[in-house]
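Below: the structure, in structure tokens.
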Amino acid sequence: MSGQGGQGRIASHLAIASLVLAVLLLACAGGRPAQAAEALPTMMAVDWRLIFDGVVDEQGRASGFSAPGENGYPRDCRAGAESCRQGACCSGHCNAWADGLASADQPWLATVRLRQDCRSPWIRADSSRTMFPTGWPDSKVKAVVVSAYDAGRSLPARGDLWCGCAGDMTIFGRQTQGVITAAWPSPDQACGCEQVPLHKR
């Protein structure tokens, strides 16, 4: 009898200790449980046009363009680096412009400007963006984006934002119901997957 009573008291003390520990952990987390990473929807498609060319919508908002060619324009624009700037008409493939110190093998920071056509004014994007290396072929950009999304997570506190790791690169982007609408390298922001060994990502 006394043995069973002792076991009951021990179980009761363990339950109380567990409850106290849970309360302490909750307090350390700022009064709310830590938000778990949320799984991304299954990838349905990627809007590569937004990543490689960018767009200006009907409201005049510039979006996209994170994989320029060596000349700072979209990869299928053959114009010289300075030739399509203010007021200059180039081909229909030259209506995005990443202005920054380009790098062939590292992500680089640029100011992005887009226009609807060569007769339209350039519209500057809201903030600077990080570009994929200009020396990467399209196939590598695509493989990294898809791989990062496949191993990525949703950031629900930040709307449609997602992030993931592919090789030694952290990728952030936007998605709508599994359709990727933006992706860019992020050397200065962590996703939480960076500690995974390189051979596993």
Notebook entry, point to check: Using the Karplus equation 6.51 cos²θ - 1.76 cosθ + 1.60 (θ = phi - 60°), what ³J(HN,Hα) coupling, rounded to whole Hz, does each residue of the range 115-129 give in order, writing x for Gly and Pro?
Noted result: 8, 6, 7, 6, 8, 8, x, 6, 10, 7, 5, 4, 9, 5, 10
Next item on the list: Give me the net charge of R201's neighbourhood, meaning all other residues with Cβ under 14 Å from the Cβ of R201; Lys, Arg count +1, Asp, Glu -1.
Entry: -1
Item checked: Debye, to nearest 20: dipole size of the range 106-172, +1 on Lys, Arg Cβ, -1 on Asp, Glu Cβ -> 260
Margin query: Can you tally the net charge around A79? Count Lys and Arg as +1, Asp and Glu as -1, for every other residue whose Cβ sits under 15 Å from the Cβ of A79.
Written below: -1
Check: Sorted by accessible area with a 1.4 angstrom probe, largest first, how do R115, R174, R129, R124 fall?
Finding: R124, R174, R129, R115
Check: At a probe radius of 1.4 Å, what is the per-residue accessible area of W162, in Å² to the nearest 10?
Finding: 0
Checklist line | Long-range HN-HN contacts of I180 with modeled amide H, under 5 Å | finding: M44, A45, V46, D47
Checklist line | Rounded accessible area of E194 (nearest 10 Å², 1.4 Å probe) | finding: 60
Checklist line | With DNA, RNA and ligands ignored, accessible area of H93 (1.4 Å probe; Å², nearest 10) | finding: 100
Check: For the range 91-188, which whole percent of the accessible surface, found with a 1.4 angstrom probe, sits on carbon and sulfur atoms?
Finding: 47
Next item on the list: Arrange the residues V112, V56 by how much accessible surface each exposes, largest first, with a 1.4 angstrom probe.
Entry: V56, V112
Checklist line | Net charge contributed by nearby residues that have their C-beta within less than 13 Å of S66 (K/R +1, D/E -1) | finding: +2
Notebook entry, point to check: How large is the accessible surface per residue of the range 59-182, computed with a 1.4 Å probe and reported in Å² as a whole number?
Noted result: 47
Check: How would T130, T176 rank on accessible area, largest to smallest, probe 1.4 Å?
Finding: T176, T130
Notebook entry, point to check: Alpha carbon centre of the range 124-187 versus the range 58-100: separation in Å?
Noted result: 20
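The values are calculated or read from the model by the stated rules, or taken from the named source; none is laboratory data. The model shown is predicted, which means the values in this text are computed figures rather than measured ones. With ideal geometry, Cβ positions are generated from the backbone for all residues, glycine too; neighbour counts draw on all protein chains shown. SASA here: full protein model, heavy atoms, side chains in, ligands and nucleic acids out. Shrake-Rupley method; radii C 1.70, N 1.55, O 1.52, S 1.80 Å.
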